[in-house]
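What follows draws every value from the coordinates through simple rules; no lab data is involved. Predicted model, so just to flag it, every value in this text is computed and none were measured. In this analysis, Cβ positions are derived from the backbone assuming ideal geometry, glycine residues included, and neighbour counts consider all displayed protein chains.
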Amino acid sequence: MARVLIRNLNKFYDKDVHAVKDVNLEIRDKEFVVLVGPSGCGKTTTLRMVAGLESISSGQVLIGDTVVNELPPMDRDIAMVFQNYALYPHMSVYDNMAFGLKMRGMDRGEIAKRVQEAADILGIGEYLRRKPRQLSGGQRQRVALGRAIVRHPQVFLFDEPLSNLDAKLRVQMRVEIKKLHSRLNTTAVYVTHDQVEAMTLGDRVVVMRGGLVQQVGEPLELYNTPVNRFVAGFLGSPAMNFAPVAVRDGDGGLRADNRGFVIDVPAEVGPRLRPYAGRDVILGVRPEDMQVANGSHPPGLCFDAMVEVVERLGAETLLDLQVGDQTMVAAVEPTISAKRGDKIRFAMRPERLHFFDATSEAAI
Amino acid sequence: MIEGAKWRRWVYFYVPLAVFVLWLLFPFYWMLVTSVRPDRELYRAWTAVNYAPFWTAHPTLEHITDLLTETLFIRWMINTLFIALISTVISLFCGLLAGYALSRLKFRFAGTLGTGIFITYLVPQTLLFIPLADIIRSFQLGDTPWALILTYPTFLIPFCTWLLMGYFKAIPRELEECARIDGATRWKAMLYIIFPIALPGILSAGIFAFTLSWNEFIYALVFLSSAEQKTVSVGVTSELVRGDVFYWGQLMAGALLGSVPVAFIYSFFVEHYVAGLTGSVKG
């Protein structure tokens, strides 16, 4: 049982590329933490430094209470699952799973027991004699998972394990990994660029960009109160709509004026937005927080939009809207019939509006 | 494949293929025919009525028995085998370690070193034998098998290193990383994971190295002088061509028997060997 503590972690490549910048993170015992971000954000490098596959330029990594900076990967008591499965092609499934145990000099009986146990959990018992090339992608990834769990490590590391699978299998394996974690109850660090995986798997999610940690928190915390425009735009699909607005003092409160629409700034945001009066800020609103207006919506939050594209997904319908010179996406009930060229009046949900500083992009 | 009418397959596939095969195999056929042709046919004038260069009506094993009993041919075969095997083992061992290091380890001048090794391979042997002869003389190794065993690696090691380097680079890095997390040291990961996967490449390098040393001529000609030390390639050409007299029958019998071990090795490993050349590692 172990927590992972990352202190002021930095990685430089060839002195001038600063891939990971001062990362601080505490991963609690038994916690499932997901590092997410666009490619090149430093998430994989961070994971590889925890694994010991990449040298640490400065800072510390602790597993349990031990500083592991100088420990070789084999002595860190971790197991890692790779994106390309990294199964040993010349060994059978059984030998793939047993390799780590053999290397540690475990006796044959115990190895057989552990491999069988892992194979049962993952439902790969009947493939134990096969070679990896005789397996499908999903089966291979199961073997890779099995190879990690037979070791009973202190920490699991996952490096985009589902990226090579097709969409349907990915969803299925995602659920299995989640189940596996609740069953094994081991600390896990999971790297992905897929925000859906991050939101669904993580007890906590770490959003990274350009080597910097942007925000750490529980999935919904990140979704509902992103600290900046990047986190707001990265999580959620379809992505949050952003519109530049000028904050103006109107009668009875602040108003946000985009040339396409003018809305009343909700009272609870008022005090925070007050210093920005007379300046431009960025308004963020998620597609599901724009509703087709009816009489009950306060007129100060309504605006007109023209439908450009209708995407019917079944469970919901996405409308690409032209609002002034702005394009926005709204997710509406599938029962709403709309077609290209329709003019529809929308209302924004006041408690779900986000405002970001125009230059720093930090949440206001 | 060639599609369309049947004649297209003949014109564009079978006929060119047949021409190609005939062209390639003709020298071997000539070698075979000459080695079993009796002397009275071999030296018959081409204007003679019964002149038949492409076949013989009276095949004989006379040249082959002469070769085996009256020359040191068997001794030459043993010499060549001994030299080729040991220099292949040495070169393969060094090539494995060097190829692995250059493709996997990060160290200063790794790239420069790799290019350097390649450049040494490009220096022609016809230039290199002059300084090497001096070195061989200084170590008093002239006219011993060691003169060749120690000089063949000068071109075999760069060759093996480069071939294996390419092969190691094609093996996903994650396999080794995973092994190291699984509890293997770098050495064990190399031994249990990388080398078994690279086996086709290692075999190819070994076969090539063996063939190159088996066929080598210049060093063997320069560094060996006494008849009983010679290798097949030098022995046959120097001992069976006396002045301007060519013992064609025995020459060709020697060439034929000399190519048997190489042909045997090729056919034995052909599957691995082809896999090695196409360099496929399937996950």
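What residues have an amide H closer than 5 Å to that of A:LEU254, excluding those fewer than 5 places away on the same chain, when H is modeled at 1.01 Å from N in the peptide plane?
Under 5 Å from the amide H of A:LEU254: A:VAL265.
Mean shadow of segment A:4-234, computed from the convex hull of its alpha carbons, in nm²?
Working: hull surface 51.2 nm².
One quarter of the hull surface, i.e. the mean projection, equals 12.8 nm².
Mind giving me the nanometre distance, one decimal, between the label points for B:TRP30 and A:ASP16, set 7 Å out from Cα along Cα→Cβ?
Label at B:TRP30, label at A:ASP16, 6.0 nm between them.
Report the gain in length on full extension from A:ASP75 to A:ASP280: 0.36 nm times residue separation, minus Cα-Cα distance, nm rounded to one decimal. Working shown, then result.
Values: separation 205, 0.36 × 205 = 73.80 nm, distance 5.40 nm.
Answer, rounded to one decimal: 68.4 nm.
Given R₀ = 60 Å, FRET efficiency for B:PHE217-A:ARG28 by Cβ-Cβ distance, to 0.05?
Details: r = 71 Å, r/R0 = 1.19.
According to the calculation, E is roughly 0.25.
Normalized C-alpha radius of gyration of segment B:148-279, against 2.2 N^0.38 Å?
Numbers: Rg = 20.0 Å, N = 132, 2.2 N^0.38 = 14.1 Å.
Compared with the compact-globule rule of thumb, segment B:148-279 sits at 1.42.
How shielded is A:137-148 by partner chains, expressed as the average number of their Cβ atoms within 10 Å of its Cβ atoms? Numbers along the way, then the final one.
Details: counts 0, 0, 0, 1, 0, 0, 0, 1, 0, 0, 3, 3.
That works out to 1 on average.
Compare the Cα positions of B:TRP187, B:SER87, B:GLY243 along the charge dipole of segment B:66-278 (+1 at Cβ of Lys, Arg; -1 at Cβ of Asp, Glu; about the Cα centre) and return the one farthest towards the positive end.
So the residue furthest toward the plus end is B:TRP187.
What ranking of B:ASP182, A:ASP194, A:ASP14, A:ASP120 emerges when the number of other C-beta atoms within 10 Å of each C-beta is taken as an exposure proxy, fewest first?
Working: B:ASP182 29, A:ASP194 17, A:ASP14 5, A:ASP120 11.
Listing B:ASP182, A:ASP194, A:ASP14, A:ASP120 from fewest to most nearby Cβ atoms yields A:ASP14, A:ASP120, A:ASP194, B:ASP182.
Can you put B:ILE130, A:ILE149 in order of Cβ neighbours within 10 angstrom, beginning with the fewest? Please list the in-between numbers first.
Numbers: B:ILE130 9, A:ILE149 21.
Least to most surrounded, the residues fall as B:ILE130, A:ILE149.
Using a Förster distance of 56 angstrom, determine the FRET efficiency expected from the C-beta separation of B:LEU97 and A:THR327, and round it to 0.05.
It comes to 0.40.
Assuming a ≥ b ≥ c are the square roots of the Cα gyration tensor eigenvalues, decide whether segment A:199-314 counts as rounded (a/c under 1.5), prolate (otherwise, with a/b larger than b/c) or oblate.
Working: a/c = 2.10, a/b = 1.33, b/c = 1.58.
Because a/c hits 1.5 or more and a/b fails to exceed b/c, segment A:199-314 counts as oblate.
Determine, for A:MET240, A:MET306, A:MET290, the number of other Cβ atoms within 10 Å of each Cβ, and report the residues in order from fewest to most.
So the residues, fewest neighbours to most, are A:MET306, A:MET240, A:MET290.
Run the count for chain A, please: Lys pairs, Cα-Cα under 21 angstrom, 8 or more apart or on different chains.
For chain A, qualifying lysine pairs total 13.
Using 18 Å as the cut-off for backbone N distance, which residues of segment B:141-164 belong to the label zone defined by a point 7 Å from the Cα of B:LEU127 along Cα→Cβ?
Those under the cut-off are B:154-156, B:158-159.
How far apart, in nanometres, would the label points at B:LEU17 and A:THR225 be if each is projected 7 angstrom from Cα along the Cα-to-Cβ direction?
Label-label distance for B:LEU17 and A:THR225, simple model: 7.5 nm.
Nearest 20 debye, what's the magnitude of the dipole of segment A:281-357 about its Cα centre given +1 on Lys and Arg Cβ and -1 on Asp and Glu Cβ? Display every interim value, and only then the final one.
Values: 8 positive and 12 negative charges, 43 e Å.
For segment A:281-357, the charge dipole is close to 200 debye.
Rounded to the nearest 0.05, what FRET efficiency do A:ARG248 and A:ASP107 give with R0 = 56 Å and r taken as the Cβ-Cβ distance? Could you check?
Values: r = 77 Å, r/R0 = 1.37.
Efficiency computed from Cβ-Cβ geometry: 0.15.
In the protein assembly as shown, if every C-alpha pair distance is counted and binned at 10 Å from zero, what percent goes to each bin?
Result returned by the calculation: 3, 12, 15, 15, 14, 13, 10, 7, 5, 4, 2, 0, 0.
Could you tell me which residue out of A:THR46, B:PRO172, A:PHE261 lies farthest along the dipole of the protein assembly as shown toward its positive end? Charges go on the beta carbon: Lys and Arg +1, Asp and Glu -1, centred on the Cα centre.
Toward the positive end, the furthest listed residue is B:PRO172.
Give the longest segment of chain A that steers clear of GluC sites (Glu not before Pro) in DSSP loops with at most 13 neighbouring Cβ atoms within 10 Å, not counting the sites themselves.
Here the longest segment lacking exposed loop sites spans A:71-267.
Ignore the peptide's own chain and count Cβ atoms of other chains within 10 Å of each Cβ in A:100-106; give me the average, rounded. Could you put the intermediate results ahead of the total?
Working: counts 6, 2, 4, 9, 3, 1, 1.
The shielding value for this peptide is 4.
List residues of segment B:186-212, by number, whose backbone nitrogen lies under 15 Å from a label position 7 Å along Cα→C-beta of B:PHE264.
B:211
What three numbers, in Å, describe the spread of the alpha carbons of chain B along their principal axes, ordered from the longest?
Ordered largest first, chain B gives principal extents of 78, 69, 30 Å.
Which whole-angstrom value gives the distance between the alpha carbon centres of segment A:97-166 and segment B:37-85?
62 Å
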